[in-house]
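What follows is calculated from the coordinates using simple rules that are stated; it is not laboratory data. It should be emphasised that the depicted structure is a prediction, and the values quoted were computed from it without experimental measurement. Virtual Cβ from ideal backbone geometry, glycine too; neighbours counted across all protein chains shown.
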Amino acid sequence: MVLDLRELIGESVKVLPFAEERSLAGEDAKEFSDDLLSGVLSASGRVENHAGCLTLEGELALDGEFRCARCCRSFRRVFRFPMSYRLAETLAGEDTEEFLLLEDGCLDLSEVVRCQLLLELPSRFLCREDCLGLCPVCGCDRNVTQCSCDLRERDPRWNVLQNFFDEED
Ligand SMILES: [Zn+2]
Ligand SMILES: [Zn+2]
């Protein structure tokens with residue numbers, strides 16, 4: 001979605017609300033993460049003109065189906081990120097980083113949303129903080145099944161003791 005801000009710049013309106021939504025699946029979802037299976041990406045807010053300064057405030061949300069990095073089960077989660085930008089028609093040197101640049105009075109909102117989501121979305125997802133994951137020995141889902149595999153990492157200090165006993169025999 002491209003926002004045409006020319007009326008706002010010309011001050012015939014002071015506020016321009018926006019809302020866009022698109023569904024993500026397949027390659028579109030993969031762009032953000034291999035573990036994002038599908039989702040709906042939405043952004044809403046407003047652009048305002050305060051005495052010639054254009055600001056964009058809003059929220060972007062991703063309601064998605066994710067694959068857990070530990071147990072591989074899919075689960076649904078909603079991520080929300082606040083959007084806050086300053087917009088400029090032209091850039092003057094040092095301010096380059098802080099402003100979104102308009103092109104002919106228009107802003108490519110979809111691109112802004114895409115870039116922000118790429119920056120803010122975590123690189124891996126857990127179905128819950130304490131997900132126990134899959135057993136590395138038998139492969140069962142340890143959230144569901146309690147297997148009897150020995151998962152303890154042996155403390156290397158025991159080896160010294162073990163050697164001691166081995167020598168005793
Ligand atoms: Zn999990
Ligand atoms: Zn096991």
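Summary table
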{"quantity": "Matching entry among C106, C72 (being at positive phi, touching a residue at least 60 places away in the same chain (Cβ under 8 Å) and exposed (fewer than 15 other Cβ atoms within 10 Å of the Cβ))", "calculated": "C72"}
{"quantity": "Residue ranges of strands (runs of 3 or more DSSP E) in the stretch 1-100 with at least 2 members of a type in the set (G, A, S)", "calculated": "15-25, 36-50, 53-67, 74-88"}
{"quantity": "Yes/no for C131 being in a loop (DSSP other than H, G, I, E, B) and within 16 Å of ligand 2 (Cβ to nearest atom)", "calculated": "yes"}
{"quantity": "Looking only at the stretch 115-133, and only at residues there that are within 30 Å of R6 (Cβ to Cβ) and buried (at least 16 other Cβ atoms within 10 Å of the Cβ), the one that is nearest to ligand 1 (Cβ to nearest atom)", "calculated": "L117"}
{"quantity": "Positions within the stretch 1-26 being loosely packed, with under 14 Cβ neighbours inside 10 Å and within 22 Å of C127 (Cα to Cα), in sequence order", "calculated": "S23, A25, G26"}
{"quantity": "Any hit, the stretch 83-97, residues being closer than 22 Å to A25 by Cα, loosely packed, with under 14 Cβ neighbours inside 10 Å, touching a Phe, Trp or Tyr at 6+ places or on another chain (Cβ under 9 Å) and touching a residue at least 24 places away in the same chain (Cβ under 8 Å)", "calculated": "no"}
